[in-house]
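Nothing in this text is a laboratory measurement; each read-out follows from the coordinates by a stated rule. Here the structure is a predicted model, which is why all the values come from computation and not from measurement. For neighbour counting, all protein chains shown are included, and Cβ atoms are generated from backbone atoms with ideal geometry for every residue, glycine included.
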Amino acid sequence: MPTTARWSALTIVSTPAARRPRPVAPKAPTPCESSTNSTAFSNWRFLYTRGNPNTAILGISDRDVRHRINAAASYRQSLGYGTAVTASVFYNVQSGRPYTTTFSNDMNGDLQDNDILFVPANPSDVIVTGGTWDELNAYIEGDSSMKDHRGLIPERNMGRAPWTNGLDFRLAFDLPVKARNNFQITVDVSNFLNMLNKDWGVVRYPNFNEVSPIRFDGVDAATGKMIYNLTPMKAATFKKFENDDPRSRYQAQLGVRFRF
Ligand SMILES: [Ca+2]
């Protein structure tokens, strides 16, 4: 019985370092907009800023997909008398959505919750309330948007949500009816990995490309240091990433096709 196996070329998409947006010094701002909002006001107020929202700085896009790898394969097995079965898979793995760590409230006095968080380098940089320096330090060390930016206000979107991956599966049965006619029954399962294990194929993302673990409680009059309140990150409802439920579930469909 004839057998056909087809393996597509592996596709890898990666943005070379030389083409990635580079940080621009605040003294030479380059107007640049990147937002998921639908109105001009929202696009201004939710563009995360290092100080002045009217001088937007060139940065990584909210929609940046840094790395992506695709692979596809199919296998066809004749079952005799014109019948055949074909199994196909498509696999995609890609880097997570970028995000910015901001204060949970307005820090710079423009009445907008759009302020990128200064990352303290050591316990003497800020006053911690609602928790301890060790808790704050552990959070910074575990956060991709902050751990490499000690003592700085990072560029926006320096963090990354977890990588995502998904595998789509298709099974097709070809049944001859008569000459030049063909009857096909298909079974498609998208996010097939999630059907095998509920923890596989899960997509997690930062809501509006933002995570806000710390509340700004002003400046201490005696020391001039900023007061970091850890209440938001210690709240039972706090989570860095949302689950994208529709994309995280497996879905299946049964199809019938008649060719004539
Ligand atoms: Ca603000």
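Okay, here's what the table says:
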quantity: Rg/Rh ratio calculated on Cα atoms of the chain (Kirkwood radius); calculated: 1.15
quantity: Sequence of Thr55, Thr39, Thr237, Thr49 once ranked by neighbouring C-beta atoms within 10 Å, starting from the fewest; calculated: Thr237, Thr39, Thr55, Thr49
quantity: For the chain, with +1 on Lys and Arg beta carbons and -1 on Asp and Glu, the positive-most of Ala40, Val187, Val256 along the dipole; calculated: Val256
quantity: Computed [θ] at 222 nm, helices only, for the chain once each DSSP H run of length n ≥ 4 contributes -39500 (n - 2.57); calculated: -2500 deg cm²/dmol
quantity: Sparse-neighbour loop sites [chymotrypsin sites (Phe, Trp or Tyr not before Pro); the stretch 42-148; at most 11 other C-beta within 10 Å; DSSP]; calculated: Tyr81
quantity: Additional length obtainable on full extension of the chain from Gln253 to Ala222, 0.36 nm per residue less Cα span; calculated: 4.6 nm
quantity: Least to most buried among Ser61, Ser38 (fewest other Cβ within 10 Å first); calculated: Ser38, Ser61
quantity: Which of Pro246, Thr102, Asn137, positive extreme of dipole for the chain (C-beta unit charges); calculated: Pro246
quantity: Under-5 Å amide H pairs with Gly130, H placed in peptide plane, nonlocal only; calculated: Leu230
quantity: More than 14 angstrom apart: percent of Cα pairs within the stretch 141-205; calculated: 72
quantity: Relative contact order for the chain, counting Cα pairs under 8 Å that sit 6 or more residues apart, in percent; calculated: 19
quantity: Global geometry of the stretch 41-191, whether rounded, prolate or oblate, following the gyration tensor of its Cα atoms and the 1.5 cut on a/c; calculated: prolate
quantity: Where trypsin sites (Lys or Arg not before Pro) in DSSP loops with at most 16 other Cβ within 10 Å are excluded, longest remaining stretch of the chain; calculated: 67-146
quantity: For Met195, Met233, order by how many other beta-carbon atoms lie within 10 Å, fewest first; calculated: Met195, Met233
quantity: Gyration tensor verdict on the stretch 135-260 (Cα atoms; rounded if a/c is under 1.5, prolate if a/b is larger than b/c, oblate otherwise); calculated: prolate
quantity: Three-way shape call for the stretch 194-237 based on the alpha-carbon gyration tensor, with the a/c threshold at 1.5; calculated: prolate
quantity: Calculated FRET value between Gln77 and Phe241, using beta carbons and R₀ = 41 Å, to 0.05; calculated: 0.50
